[in-house]
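The values are calculated or read from the model by the stated rules, or taken from the named source; none is laboratory data. None of the values given here were measured: they were computed from a predicted structure. Cβ atoms come from the backbone with ideal geometry, glycine included; neighbour counts cover every protein chain shown. Protein only, heavy atoms only, side chains kept; ligands, DNA and RNA dropped before computing areas. Shrake-Rupley method; radii C 1.70, N 1.55, O 1.52, S 1.80 Å.
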Amino acid sequence: MKEIQPGIFSQNDNLYTKNQVPGQQVYGESLQDFEGDEYRAWHANRSKVAAAVKNGIDLGVEQSDDVLYLGAASGTTVSHFSDLLVDGFVFGVEYSETVGRDLVKLADSRGNIAPIIGDARKPEDYSDLVPEVEVVFQDISQRDQPEIFIKNAEKFLKDDGIGLIAVKAQSISSSRDPEDVFDEAVEKLEERFEVLDRTRLEPYEKDHLFLKLKKR
Ligand SMILES: C[S@@+](CC[C@H](N)C(=O)[O-])C[C@H]1O[C@@H](n2cnc3c(N)ncnc32)[C@H](O)[C@@H]1O
């Protein structure tokens, strides 16, 4: 088991995070013991952040960071942030109450997740709950993905913080060439951010672009 980024481990080409709740599986992932600790497999075809790491993105996330996570769903990827943020916190925003129920349950079993059932288009609704953070990550399949990200980063991201976003071409336009859709999204984001790194997420996710950003 080799640590390849803070709190992210690799063994036999698979990614892992150290399980902060030993014995707990969140979404049926496999558990692996190594030198007295338990690790949870982090599958690149279940999580766009894992796919980005597999494709060479250095996330730039430190284990003491606070992370605002937009599009938390039931908490699959949130749970891995929870593992790796040993001295940090993840604020997970999800607008579906149905999947959000699992997120709330997950948060009950871990000490560093704040589940927020809310609309990421309205960051003012949760501004009392979220502090300034070192990282904003967004995985929201909506037409206005770049605008939602910009709004939240402007409100919550520290000036020297890191922005991470998975852009899904199909959600913006199902008829246009994904590369054109990505160019347009990047152009919008570049008005406020510098692109530090980028990768497509194939073979794990089709027609997704993952960007690492910093405020200008
Ligand atoms: C692709 S899924 C996220 C998967 C999750 N990131 C993971 O890896 O476990 C996108 C999620 O974004 C949520 N979503 C869509 N629009 C939203 C909005 N405006 N505010 C908050 N959540 C939203 C959807 O309900 C859905 O659960």
Alpha carbon centroid spacing (whole Å) that separates the stretch 25-85 from the stretch 103-154: 17 Å
Distance violations [Cα-Cα > 29 Å] among 48/158; 18/188; 2/151; 155/206; 2/105; 18/151: 18/188; 2/151; 155/206; 2/105; 18/151
Inter-label distance for residue 147 and residue 159, nm, one decimal - labels placed 7 Å from Cα along Cα-to-Cβ: 2.9 nm
Förster radius 41 Å - calculated FRET efficiency between residue 86 and residue 128, Cβ distance, rounded to 0.05: 0.95
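Give me the extension gain from residue 13 to residue 30: residue separation times 0.36 nm, minus the current Cα-Cα distance, reported in nm with one decimal.
Taking 0.36 nm per residue and subtracting the Cα distance, the gain is 4.7 nm.
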Karplus 3J(HN,Hα) series, Hz, for the stretch 62-78 with 6.51 cos²θ - 1.76 cosθ + 1.60 (x for Gly, Pro): 9, 6, 9, 6, 9, 10, 9, 10, 9, x, 6, 6, 7, x, 3, 6, 3
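Please report, as a whole percent, how much of the solvent-accessible surface of the chain comes from carbon and sulfur atoms (probe radius 1.4 Å).
Details: 4000 of 9820 Å².
For the chain, the apolar C and S fraction of the accessible surface comes to 41 percent.
Quick check: from the Cα gyration tensor, does the stretch 27-88 come out rounded (a/c under 1.5), prolate or oblate? Intermediate results must be reported in sequence, preceding the final value.
Working: a/c = 1.37, a/b = 1.17, b/c = 1.16.
Rounded shape, in that the Cα axes give a/c under 1.5.
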Inter-site label distance for residue 180 and residue 196 at 7 Å from Cα along Cβ, in nm: 3.2 nm
Length released on extending from residue 173 to residue 188, taking residue separation times 0.36 nm less the Cα-Cα span: 3.9 nm
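So what's the net charge close to residue 139: Lys and Arg +1, Asp and Glu -1, counting the other residues with Cβ under 11 Å from its Cβ?
Taking every other residue near residue 139 into account, the sum is 0.
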Label point distance in nm, residue 214-residue 46, each placed 7 Å from Cα along Cα→Cβ: 3.3 nm
Crossing angle, helix 145-156 versus the chain [Cα axis fit, 0-90 degrees, rounded to tens]: 70 degrees
Accessible area per residue, Å², the chain with all protein chains present, probe 1.4 Å: 45 Å²
Alpha-carbon gyration tensor eigenvalues x 5, square-rooted, for the stretch 45-215, Å: 23, 17, 16
Acute angle (nearest 10 degrees) that the helix 178-190 long axis makes with the longest principal axis of the chain, alpha-carbon atoms: 90 degrees
Rounded to whole Hz, the Karplus (6.51, -1.76, 1.60) HN-Hα couplings of the stretch 209-216, x for glycine and proline: 10, 10, 10, 10, 10, 9, 5, 6
Loop sites in the stretch 60-151: GluC sites (Glu not before Pro), DSSP, at most 14 other Cβ within 10 Å: 132
Positive-end extreme of charge dipole, the chain - chosen from 112, 137, 96 (charges on Cβ): 96
DSSP-defined beta bridges in the stretch 45-215 - what % are antiparallel, rounded to 5: 40 percent
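Determine the relative contact order of the chain: mean sequence separation of Cα pairs under 8 Å and six or more apart, normalised by residue count, in whole percent.
Values: 431 pairs, mean separation 36.1, N = 216.
Relative CO of the chain lands at 17 percent.
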Size of electric dipole in the chain: Cβ of Lys, Arg +1 and of Asp, Glu -1, about Cα centre, debye, nearest 20: 340 debye
Karplus-derived 3J(HN,Hα), 6.51/-1.76/1.60, for each residue of the stretch 10-27, Hz, glycine and proline x: 9, 8, 6, 6, 9, 9, 9, 10, 6, 5, 7, 10, x, x, 8, 9, 9, 9
Relative frequency of Cα-Cα separations exceeding 17 Å in the stretch 157-216, percent: 38 percent
